[in-house]
Amino acid sequence: MTMRILKNPDRIKTDIAYDVVEMGEGAGKLSSDFGYVFEDRLKLLSIKRFEDIKESPYAICIPFICCTYDRRQALQELSDKGFIYKKDFYLAEDFFCLLDDWKSHKIAYKAYLAGFAESLKAISFGYAAKHGIVLPENPHRDVLTRGHKPQTGSAAVQRLFHVLYLIPALIEAFPQIFACGNDYKNYDHICFLNASDAVRFKQDHPSAAGKAITVEELKSHTMASSYMRAVYFDRRQNSCGCDIPFNTLWVGRDGTTRLCDCPDYLDISCGNIGVTDTSDVWNSPLAKIIRLSVINNTYTFCSRKTCGKLSESKEQPKLLERRQIPAEDHPKVLNIANDYVCNLHCPSCRKCIYTNNDESEQLAIDSCIDAITGSGWLEKADKLLLGGGGEVFLSKNYKKILYGGSDRRNDVIIMTNGTLFTESEWDKLEGKYEHIGFMVSVDAATKETYEKVRCGGNFYNLMKNMDFLSGLRKENKIDSVKVIMIVQKANYLEIPDFIKWAKEKCFDGVNLSHIRNWGTYDDVYFYEEVSMFDKSGEMKTELSAILKEPICSDPIVRMSWDNRME
């Protein structure tokens, strides 16, 4: 759903200068929000309060732009002063449609090799994205639909919901269905459901490579007005002080991106790094809107439940001081988690062993790595975080990034399960980075528990590697080692022993994190037999009792649920 007050965006004049008029409570926030996003799209002059033009209504540029929370009252008061709507003045939201860069473009929806079923998915999802339809699984549906709660239901019901958009989508896509397969000059963009299909198309049609996009990217370019409206009218304020979207880029399996350390905290993609130019991803309209939510302290699209920074800070309606955060022309922190191959198959992460990518997956990963290395970001970044999705020391893709390039890089944090980190790997790594840190997922203090929660691992080999890692840390050859326990029913009793072991090894930190259901458990079973938190997020009494032991208050211990400890 999109707010389009002007039916024809071309009627908006972008070649003239506008004054901005503030009306009502909080108008200063609105005018600043508008100016931040539209400073490079419109010529904006001075900002005036409505009270300032009451006595001298013509001491203002006509037409002007009005920023207000109360649209109805603004229309009434300005009309009473003789101003004519859409002639003498516009409301700020009238201009939001200018952000939907591809809304009027002619787009062909394709499934390059996957077949007709995938083509139908590309058509239906692409149609919904282009026309601003908020689908049920959109993580920000409640925000984008102004408080409407997401629907729940079976997968069949969700699929039926999508089919409703297939009929008008097919009508719109009818000409392309019978078009010549190589005739792409009549389209502005060729939209693919899968990144791998977009990459194949670029390889096979170099003259039209710049037209390839993904459905996810189409959403960000044609629904930007909806996201802008959400953050513009958001009255919430949070003083957490996070500025991560200004300096961090997370890169996922198929090249999709997030402006956060973790997609679980901020689940909006700004583009696909393996399909679209890296600078266009980093500076996309949606990226600017997300950063606006940081500047104005609303954090509109961030998860209040999973992000500790947000949940630790109390929400308040009073406007906070607007933040000034310098823009970067590249990510200072690169978090690359684009390969899921792993030598373990932990029940909390996956249902089966996954040690090889198929041809399509590898194609998307290769394109992503080529784009990142070609951008020079690896050498420019202050910090590289590698892993998260799979095991760094098994993945040839992660190793290509980790050991690649001839220049000495700044910092690297390696996320690993520790089972494959050997002296030979250290020999290749030593001297490659100014600073090296490790985050090792161990999850247990005993062999018996380890074999339950880290399926496929050898506890004794792991301990040998951890001894080697401990030695490197004691010799200051690496800067930090933090060990991780994903707390669950199977291991929570070992938390004190786990902390004692970490201290004995002179490790720098123990991160205790509550387990999440990544789709590997039935929901009821997960909360009854796996998680140590109930569905509402409350800690179970058994875990609370363990955490009262003195060693759990040691300074090296960090708990992801600190905000829930009260």
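Separation of segment 11-41 from segment 407-447 is 49 Å, based on Cα centroids.
The alpha carbon convex hull volume per residue for segment 249-317 rounds to 75 Å³.
Rounded to the nearest 10 degrees, the angle from helix 495-504 to the longest Cα principal axis of the chain is 70 degrees. Charge dipole (Cα centre; +1 on Lys/Arg Cβ, -1 on Asp/Glu Cβ; no other charges) of the chain amounts to roughly 840 debye. Sorted from greatest to least, the principal axis extents spanned by the alpha carbons of segment 179-259 come out as 54, 26, 17 Å. What is the set of long-range amide H partners of Lys48 at a cut-off below 5 Å, with H atoms built 1.01 Å from backbone N? The list, which skips near neighbours in sequence, is Val20, Val21, Glu22. Measuring between alpha carbons in the structure, the pairs from Lys396/Lys464; Lys383/Lys503; Lys86/Lys185; Lys106/Lys400 lying more than 28 angstrom apart are Lys86/Lys185; Lys106/Lys400. Across segment 66-75, rounded Karplus estimates of 3J(HN,Hα) from the backbone phi angles (6.51 cos²θ - 1.76 cosθ + 1.60, θ = phi - 60°) give 9, 10, 7, 7, 9, 4, 5, 5, 4, 4 Hz, Gly and Pro being marked x. Solvent-accessible surface of the chain, taken per residue with a 1.4 Å probe and all protein chains present: 45 Å².
For segment 319-336, 3J(HN,Hα) computed residue by residue from phi via the Karplus equation (6.51, -1.76, 1.60; θ = phi - 60°) reads 5, 8, 5, 5, 8, 10, 10, x, 7, 10, 8, 7, x, 7, 10, 10, 10, 9 Hz, glycine and proline entered as x. A Cβ-based charge dipole, computed about the Cα centre of segment 85-131 with Lys and Arg at +1 and Asp and Glu at -1, lands at about 240 debye.
Residue order by solvent-accessible surface for Lys309, Lys535 is Lys535, Lys309, largest first, with ligands and nucleic acids left out and a 1.4 Å probe. Taking only protein heavy atoms and a 1.4 Å probe, the accessible area of the chain is 51% carbon and sulfur.
One quarter of the surface of the convex hull around the alpha-carbon atoms of the chain equals 27.9 nm², the direction-averaged projected area.
Using alpha carbons only, how many angstrom separate the centre of segment 198-230 from the centre of segment 94-144? Cα centroid of segment 198-230 versus Cα centroid of segment 94-144: 10 Å apart. Peptide packing: for 367-375, 510-518, 524-532, 268-276, the average count of neighbouring Cβ atoms within 10 Å per residue gives the ranking 268-276, 367-375, 510-518, 524-532, highest mean first. Computed from phi, the 3J(HN,Hα) profile of segment 356-367 under the Karplus parametrisation 6.51, -1.76, 1.60 (θ = phi - 60°) reads 9, 8, 7, 4, 5, 4, 5, 4, 5, 5, 4, 4 Hz, with x in place of Gly and Pro. Computed on segment 224-333, with alpha-carbon pairs under 8 angstrom and 6+ residues apart, the relative contact order is 37 percent. Every helix of 4 or more DSSP H residues in the chain counts as -39500 (n - 2.57), and over all residues that averages to -9500 deg cm²/dmol at 222 nm. With contacts taken as Cα pairs under 8 Å and at least 6 residues apart, the chain reaches a relative contact order of 10 percent.
Projecting each Cα onto the charge dipole of the chain (Lys/Arg +1, Asp/Glu -1 at the beta carbon, about the Cα centre), which of Asn357, Tyr433, Gly308 comes out farthest on the positive side? Of Asn357, Tyr433, Gly308, it is Gly308. For segment 443-523, the Kirkwood estimate of the hydrodynamic radius, built from every pair of different alpha carbons, is 13.6 Å. Comparing Cα centroids, segment 281-310 and segment 489-566 end up 28 angstrom apart. Each residue was assigned an accessible area with a 1.4 Å probe, and for Lys48 the value is about 50 Å². Given +1 at the Cβ of Lys and Arg, -1 at the Cβ of Asp and Glu and no other charges, the dipole of segment 420-517 around its Cα centre is 280 debye to the nearest 20. State log₁₀ I(q)/I(0) for segment 431-566 at q = 0.20 Å⁻¹ as given by the Debye formula over alpha-carbon point scatterers of equal weight, solvent excluded. Ignoring solvent entirely, the Cα scatterers give -1.22.
The values are calculated or read from the model by the stated rules, or taken from the named source; none is laboratory data. Owing to the predicted nature of the structure, the values given are computational and were not obtained by experimental measurement. Positions of Cβ are backbone-derived with ideal geometry, glycine not excepted, and every protein chain shown enters the neighbour counts. Keep in mind that these areas ignore ligands, DNA and RNA; they rest on the heavy atoms of the full protein, side chains included. Shrake-Rupley method; radii C 1.70, N 1.55, O 1.52, S 1.80 Å.
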